[in-house]
Amino acid sequence: MGLERHLVSIFFLWFCYNSCDGRILEDPLSNWVDDALPYDDGPYTTYFSAIDDEEHELRPDQLMSVIDFEPAISEFKRLDDVGSPQSSERVVNVDDFGAKGDGADDTKAFEAAWEEACSSAPSVLMVSENKNYHLKPIIFSGPCRSSIRVMISGTLEASSDRSDWNGQDQKHWLVFREIDNLRVEGHGTINGNGKIWWENSCKINKTLPCEDAPTALSFYSCRHLVLKNLRIKDSQQMHVSIEACVNVVASHLIVTAPETSPNTDGIHVASTRDMQIMNCMIGTGDDCISLVGGSQNVTATNITCGPGHGISIGSLGNGKSEDHVAMVTVNGAKFFGTTNGVRIKTWQGGSGNASNIKFQNIDMRNVTRPIVIDQYYCDSMKPCPSEQQSAVEVSNVVYKSITGTSASEVALTFHCSKNFPCHDIVLQDINLVGNGGEPTTGSCKNIEGISAGTVYPHPCF
């Protein structure tokens, strides 16, 4: 009887995913972000740990040259062009406040221009094209008087002097915080100038102590946010961070960094709900997209990823924390030469859950670990306990219409906790073979699920 109830619950999950307009059942976290904790200077602790990550090193054949990013910029312009300032908007140009865009420090001019634009209703902050504006760490704070647009047509480049962060928040470079109805767009470039930071990373030079490094572009506690038509490159660490935000659209972004650059996640989402990530091309040295605790109702569509570590939910539960992620859909993605494809990663000893998740319509090429659930994730110099009494529960996950090639024999990896097994996992229409058509296998521990349609490699649960 217990088995019968279990099969009925899995069938109901499958039916909802395929018959209810793609929507997932409402989750009790619906108001979680409204009660999010105040701004914390240390939300990214796991990104600064030192680890000899040799298993994640890319081989020479997994190069960024797989994807030609440059032609995509003009294509994105054609598909989703940015309009000129409206007659009802007050135009505030940073050049009118003393910005030169000639390699000198323009931070003060940007701060003054922002104060003027933020106090106007409505307004557009203009960053001129064909200029390169050098900026030290800067915070663009709200609330603003009305809606506001930031039109970046030129290049914003971070200072290459690490001492400019002395006495500052070393985890951030450009920050937009507590602003409603904000649009940041314009076909320009945000250059984190990260090389000097990578060279001083303990992951690159293991004789150095592990220190914080800035995220290039951060949004905190913003509602009704649009980020589109920009290139973000060579961040000091993470490229884009969306934290404690509601109702977000990130589209037509090109995010790039060398495959060897440490911890350079493309788009990082935390404590955020109701977000769409669309039509983005991401190739970095870490996760193309990462979603951590408090992320709810997030959809990613038409994503190109590679090189990098794939699209990850997690890590969750680090330091025995309680994390919840729910209602996440990745629909339409292409992976090229990544170390992982779609991955859920949690630490032993944590609590909470990752549930109501769907990965579908995905093409993988030369991906080392195409499908992964890892409840024994350990990104630490010290050994992690192999089994603890608590873990982040992983349930109600659907993998549908995923095809392509695996760079390793094991194409399906489900390593789940003995005390909190993964359950209600569905595999439907999966075909993952070796790069040369070789057979592949799956590796399973403590997982309960079903398969539908043709599934290869054959499910190991």
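Laboratory data are not the source of any read-out in this text; all were calculated from the coordinates shown. Because the structure is predicted, anything quoted here is derived from the model rather than measured. Note that we place each Cβ from the backbone using ideal geometry, even for glycine, and neighbour counts take in every protein chain shown.
Mind putting a number on the dipole of the range 310-381 about its Cα centre? Charges go on the C-beta only, +1 for Lys and Arg and -1 for Asp and Glu, and I need it in Debye to the nearest 20. Write down the numbers at each step before the final one.
Values: 7 positive and 5 negative charges, 46 e Å.
Rounded to the nearest 20 debye, it is 220 debye.
How much FRET efficiency would the formula 1/(1 + (r/R0)^6) give for Asp96 and Lys136, where r is the Cβ-Cβ distance and R0 is 22 Å, rounded to 0.05? List each step's numbers first, then the result.
Values: r = 20 Å, r/R0 = 0.92.
The calculated FRET efficiency here is 0.60.
Would you mind ranking Ser380, Ser128, Ser312, Ser251 by Cβ crowding within 10 Å, fewest neighbours first?
So the ranking, lowest neighbour count to highest, is Ser380, Ser128, Ser251, Ser312.
Here are some pairs, Lys108/Lys171; Lys171/Lys195; Lys320/Lys345; Lys195/Lys382; Lys195/Lys345; Lys233/Lys334; which of them have Cα atoms lying more than 25 Å apart in this structure? Each step should come with its number before you reach the end.
Details: Lys108/Lys171 20 Å; Lys171/Lys195 16 Å; Lys320/Lys345 14 Å; Lys195/Lys382 28 Å; Lys195/Lys345 28 Å; Lys233/Lys334 20 Å.
Too far apart for the 25 Å limit: Lys195/Lys382; Lys195/Lys345.
Using a basic spin-label model with each label point 7 Å from the Cα along Cα→Cβ, how many nm lie between Lys382 and Ala112?
Each label point is offset 7 Å from its Cα along the Cβ direction, giving 5.1 nm.
Enumerate by residue number the trypsin sites (Lys or Arg not before Pro) in the range 117-188 meeting two conditions: DSSP loop (anything except H, G, I, E, B), and at most 15 other Cβ atoms within 10 Å of the site's Cβ.
Working: sites: Lys131, Arg145, Arg149, Arg162, Lys171, Arg177, Arg183; in loops: Lys131, Arg145, Lys171.
Hits after loop and neighbour filter: Arg145.
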